[in-house]
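To start, the structure under review is shown below, and the notes come after it.
The values are calculated or read from the model by the stated rules, or taken from the named source; none is laboratory data. Remember, predicted model here, so these are calculated numbers, not experimental data. Neighbour counts are summed over all protein chains in view; Cβ atoms, including those assigned to glycine, are modelled from backbone coordinates with ideal geometry. Ligands, DNA and RNA are excluded from the accessible area calculation, which covers all protein heavy atoms including side chains. Shrake-Rupley method; radii C 1.70, N 1.55, O 1.52, S 1.80 Å.
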Amino acid sequence: LSQRFFPFEAIRTDAVLSLDEDTNLSTSEVDFAFSVWRSFPERIVGFPTQSHFWDPEQGRWGYTSRWTNELSIVLTTAAFYHRYYHSLFTEYLPAGLRELVDGLAACEDILMNVLVAAVTKLPPIKVTQRKQHKEVVAQQAECRDGAVGTLSPGQRSPSAPHSAPAKAKGTAGSRRFSQRQDCLNQLADWFGYMPLVSSQLRLDPVLFKDQVSVLRKKYPSLEKP
């Protein structure tokens, strides 16, 4: 899995668009995300997000894929980042870290986010996505990680100690979730601290959802379901 971030000579552009085979994005979404990345080329810029939190009861780091205002991880299933990070990932990180990722088979994207945060001391950036795409990703995350996709009204953010996502025991999703949480804690041990930085920032196009004519908007399709 770590081969995903190998600095292949065929990659000529500074920007790398990382996509999974089942990712569904419109050209408007890709175009807007790229325009944001050009303003913040040192960061990971993308769509599906997750976050980490400290669980004092367990005495370890927790991770959640719930849809909240807080984020610290942008999944590389749909994200832009600088090709320089391929070189850092392959040539700078200890081989043991890449072996850890390959062994767990579930956290190469977490390691990339940890690496970028360790270098920049900055969080990733989430950009606008279509409602339909957001719902699909939430469903996939719920099935994949055994986690609740959204917080109900009145619930606290992932920074709260009791906000750990619910897991369906015995399912492949819960096993993968457990692997990702173990990976997060092992990475923190390797680095000696938690490099991930939390944020509540989401960038939208100018006039996004404003009550003005669509002729004044560059990305009107992003507001469609």
For this session: Quickly work out the residue 99-to-residue 40 label distance, labels modelled 7 Å from Cα along the C-beta direction, and quote it in nm with one decimal.
Result: 3.6
Problem set entry | Built amide H within the under 5 Å cut-off of residue 43, gap 5+ | none
Problem set entry | Within the accessible area of the stretch 20-99 (1.4 Å probe), percent carbon and sulfur | 46
Exercise. Under the classification rounded if a/c is under 1.5, otherwise prolate if a/b is larger than b/c and oblate if not, where does the stretch 1-137 fall, given a ≥ b ≥ c as square roots of the Cα gyration tensor eigenvalues?
Worked result: oblate
